[in-house]
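J.: Below is one structure. I have some questions about it.
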Amino acid sequence: DIQMTQSPSFLSASVGDRVTINCKASQNINRYLNWYQQKLGEAPKLLIYNANSLQTGIPSRFSGSGSGTDFTLTISSLQPEDVATYFCLQHNSWPWTFGGGTKLELK
Amino acid sequence: EVQLVETGGGLVRPGSSLKLSCATSGFTFSNTWMNWVRQAPGKGLEWVALIKDKYSNYEANYAESVKGRFTISRDDSKSRVYLQMNTLRDQDTATYYCTTADYWGQGVMVTVSS
């Protein structure tokens, strides 16, 4: 199985900060990586698909980059409503595997 | 609006069975591959099972941890996907999510405990 190592596990930042979250795959997954946001008590929401494509309706402050084994989710200017847990998913091969998640809080 | 609503969770004893259901709306269900993903308390997400669409002959894939015990199925006429879980173990305790990968339900809790 492909292992997805996500970092950091916890992140504290201020409103307006640029925030980056990383996922590293144990082998090449091309661009088959999605990023999700999950707020407490809510269903996960797709933010970025195929590494760098912004899902419809998602604010443009969210962006994704990377290919192969190293991927990054960037929030260009953190907003209070961005407090959530973020996780990555590789869908290059079965079984799909997830990063361990990053809990983002406001400083 | 896309909706996925899971039902059927609960508290069961080890060795017993449970069937989860996911009712969907707002997208073309019959053309969509459907998945179950779970999250044990305090743990990360684990993909459980996939069922492809009719064009892929409804092929199913399973995580090794559930192979032989869980069965995924779908009813395109009702836009529903199911997860039959047999011989449940303590380690199957988790919130189970129905997902297309683009969209997720809110999840349903399954607790396996004696």
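J.: Of all residues in region A:84-98, which are more than 10 Å from every other protein chain (Cβ to nearest Cβ) and in a loop (DSSP other than H, G, I, E, B)?
T.: Across region A:84-98, the qualifying residues are A:Asn92, A:Ser93.
J.: Here's another thing I want to ask about it. How many residues are crowded, with 20+ Cβ neighbours inside 10 Å, in contact with a Ser or Thr (Cβ under 9 Å, 6 or more places away or on another chain) and assigned to a loop (DSSP other than H, G, I, E, B) if we restrict to region B:33-67?
T.: Here the count works out to 0.
J.: Looking at region B:3-32, which of the residues that are within 16 Å of B:Arg69 (Cα to Cα) and part of a strand (DSSP E or B) is farthest from the other protein chains (Cβ to nearest Cβ)?
T.: The extreme case among them is B:Val12.
J.: Look at region B:1-58 and say how many of its residues are of a type in the set (Ser, Thr, Tyr) and in contact with a helix residue (DSSP H, G or I) (Cβ under 7 Å, 6 or more places away or on another chain).
T.: The number of residues fulfilling the criteria is 1.
J.: State all residues of region B:15-44 that are of a type in the set (Phe, Trp, Tyr) and closer than 19 Å to B:Asn61 by Cβ; if no residue qualifies, say none.
T.: Those that are of a type in the set (Phe, Trp, Tyr) and closer than 19 Å to B:Asn61 by Cβ: B:Phe29, B:Trp33, B:Trp36.
J.: Looking only at region A:11-44, which residues are under 24 Å from B:Thr95 (Cα atoms) and either at pLDDT 95 or above or part of a strand (DSSP E or B) (or both)?
T.: Of everything in region A:11-44, those that are under 24 Å from B:Thr95 (Cα atoms) and either at pLDDT 95 or above or part of a strand (DSSP E or B) (or both) turn out to be A:Cys23, A:Leu33, A:Asn34, A:Trp35, A:Tyr36, A:Gln37, A:Gln38.
J.: Step by step: first the residues of region A:1-49, then only those that are of a type in the set (Phe, Trp, Tyr) and within 22 Å of B:Gly42 (Cα to Cα), then the one that is farthest from the other protein chains (Cβ to nearest Cβ). Which residue is that?
T.: So in region A:1-49, the residues of a type in the set (Phe, Trp, Tyr) come out as A:10, A:32, A:35-36, A:49.
Next, from what is left, pick out any that are within 22 Å of B:Gly42 (Cα to Cα): A:10, A:35-36.
On the way: A:Phe10: 14, A:Trp35: 12, A:Tyr36: 8 Å.
Within region A:1-49, the match that is farthest from the other protein chains (Cβ to nearest Cβ) is A:Phe10.
J.: State all residues of region B:76-103 that are under 30 Å from A:Gly57 (Cα atoms), away from every other protein chain (no Cβ under 14 Å) and either among the small types (Gly, Ala, Ser) or assigned to a strand (DSSP E or B) (or both); if no residue qualifies, say none.
T.: If the condition is that a residue be under 30 Å from A:Gly57 (Cα atoms), away from every other protein chain (no Cβ under 14 Å) and either among the small types (Gly, Ala, Ser) or assigned to a strand (DSSP E or B) (or both), then B:Ser77, B:Ser79, B:Arg80, B:Val81, B:Tyr82 are the ones that fit.
J.: Out of the residues in region B:37-60 that are in contact with a Lys or Arg (Cβ under 7 Å, 6 or more places away or on another chain) and touching a residue at least 12 places away in the same chain (Cβ under 8 Å), which is nearest to the other protein chains (Cβ to nearest Cβ)?
T.: Looking only at region B:37-60, we keep the residues that are in contact with a Lys or Arg (Cβ under 7 Å, 6 or more places away or on another chain), and these are B:46, B:48, B:51, B:58-59.
After this cut, where a residue has to be touching a residue at least 12 places away in the same chain (Cβ under 8 Å) as well, the list is B:46, B:48, B:51, B:58.
Details: B:Glu46: 7, B:Val48: 9, B:Ile51: 13, B:Tyr58: 16 Å.
Of everything passing the filter in region B:37-60, B:Glu46 is nearest to the other protein chains (Cβ to nearest Cβ).
J.: Exactly one condition in (1) out of contact with any Leu (no Cβ under 8 Å at 6 or more places or on another chain); (2) part of a loop (DSSP other than H, G, I, E, B); (3) away from chain B (no Cβ under 14 Å); (4) not aromatic (Phe, Trp, Tyr) is not met by A:Thr56; state its number.
T.: Tallying (1) out of contact with any Leu (no Cβ under 8 Å at 6 or more places or on another chain); (2) part of a loop (DSSP other than H, G, I, E, B); (3) away from chain B (no Cβ under 14 Å); (4) not aromatic (Phe, Trp, Tyr), A:Thr56 fails exactly one: (3).
J.: Here is a follow-up. Could you look through region B:104-114, keep only residues that are away from chain A (no Cβ under 11 Å) and not β-branched (Val, Ile, Thr), and pick out the one that is surrounded by the fewest Cβ atoms within 10 Å (Cβ to Cβ)?
T.: Here is the first cut: in region B:104-114, the residues away from chain A (no Cβ under 11 Å) are B:108-114.
Now drop any that are not not β-branched (Val, Ile, Thr), which leaves B:109, B:113-114.
Numbers: B:Met109: 13, B:Ser113: 10, B:Ser114: 7.
Per the criteria, the residue is B:Ser114.
The values are calculated or read from the model by the stated rules, or taken from the named source; none is laboratory data. Since the structure is predicted, the reported quantities are computational estimates derived from the model, not experimental observations. As a convention, Cβ positions derive from the backbone with ideal geometry for all residues, glycine included, and neighbour counts pool all protein chains shown.
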